[in-house]
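All remarks here apply to the structure that follows.
Coordinate-derived values only; no laboratory data. Every value quoted in this text rests on a predicted model; they were computed, and no experiment measured them. Every residue, glycine as well, gets a Cβ built from its backbone with ideal geometry; the counts of neighbours run over all protein chains shown.
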Amino acid sequence: MPPLVTSDYYFDIQAGQITLAVRDIFSKRQKRQRGEMPDVYQYETIPEPLRVQIVQILKDAIGEYDYSYNKDIVACYRTVVDTLCREYGVFRLPPANDYGDRKYPSELFLFLLHTTETDQALDVVEVGFRLVDSIVRSQGYLGRRDPAYVADQAIVELNARLKEHGVGYQFVDGEIIRVDSELVHAEAVKPALRLLNTKSYQGAHEEFLKAYEHYRQGSTKEALNECLKAFESTMKAICDKRSWPYSSNDTASKLIGVLYDNGLVPSFWQGQLGSLRSLLESSIPTGRNKMAGHGQGSTPTNVPDHIAAYMLHMTASTLVFLTKAEEAL
């Protein structure tokens, strides 16, 4: 029997699982009417109710370890715990002690619920949902009829819960990335990641994700450097796809010239977009060069968060423009 999907629930009778959709319940509506729902993202804390919801989503997606010793479930939880232990250089995740039999889900979830380090809580989310996005979605996991749907719904709910609590992060393309503007994120960042997530743009994709990771960690100068790398890599990838000659050491300005000379933007649009070339030439490279690309002298250069966010969003919009223009040729 195929899975049954309604607006509120997902039933997989073969796997014996019912997954609830995110609901706009009475208390939420009342809080919204009273102006108590967050409308500005924050990045410092992961609220306890959100941590509990993340535990529940992971349990739904991976499976209940306590009631089933299915080897796939055991392997999933152990993989997440072992990965984090190795990266942190510990034998067990706190507050677990070093003695007695290990119950990997309990060790993982207690760590998520009790760690005071926001980055560590996000580590659990990233590693856990990366596994959901790969192993859990694979055909045959727990005998589910539609494991990809279960994985997709888990990621959708995670991102909805993060937004609901005003926590400015989203799980996109296997990574936790920081969100500063919901509109810009939806219209520029996510499309850029989706368009770059191909073999042709693999280098640019990795560099753009690195830019966001540096930004999330507060390394704003490094974020700008990766922005420029992603910008240049995208243009080189377009030239490679179209067999347009260029030199491997060409700067951004020269690469932009190659794209224009080969008609990436039709001639009848170039008059309308006369300022586009100067914008492309000056925006991302100039921001990086002035604030991060050269020696900072005796006084360290500080790149404010709002400048780094602006450059990230400008990079995303530019990459979407370039890749879509190449598709339209």
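What distance in nm separates the simple spin-label points at SER243 and LYS103, each placed 7 Å from Cα in the Cβ direction?
The answer from the label model is 6.4 nm.
For each of LEU264, LEU329, count neighbouring Cβ atoms within 10 Å of the residue's Cβ, then give the residues from fewest to most.
LEU329, LEU264
Subtracting the Cα-Cα distance from 0.36 nm times the residue separation, let me have the gained length for VAL90 to ARG145 in nm, one decimal.
That works out to 16.0 nm of additional length.
Over 23 Å between C-alpha atoms is what I'm after, so list which of LYS163/LYS190; LYS71/LYS210; LYS71/LYS163; LYS163/LYS229 land there.
LYS71/LYS210; LYS71/LYS163; LYS163/LYS229
Just to be sure I understand the model, the point goes 7 Å from the Cα along the line to the Cβ. What's the resulting ASP82 to ASP261 distance in nm?
Taking the simple label geometry, ASP82 and ASP261 are separated by 5.4 nm.
Quickly rank 134-145, 103-114 as a protection proxy: mean count of other C-beta atoms within 10 Å, highest first.
My ranking of the peptides, most packed first, is 103-114, 134-145.
Please list, in chain and number order, the residues 5+ apart from TYR169 or on another chain whose amide H is under 5 Å from its amide H, with Hs placed from the backbone.
When sequence neighbours closer than 5 places are left aside, the close amide H contacts are VAL179.
From the backbone phi of region 138-150, what are the Karplus-calculated ³J(HN,Hα) couplings (6.51 cos²θ - 1.76 cosθ + 1.60, θ = phi - 60°) in whole Hz, Gly and Pro given as x?
Result, ordered by residue: 6, 4, x, 5, 6, x, 6, 6, 9, x, 5, 5, 4 Hz.
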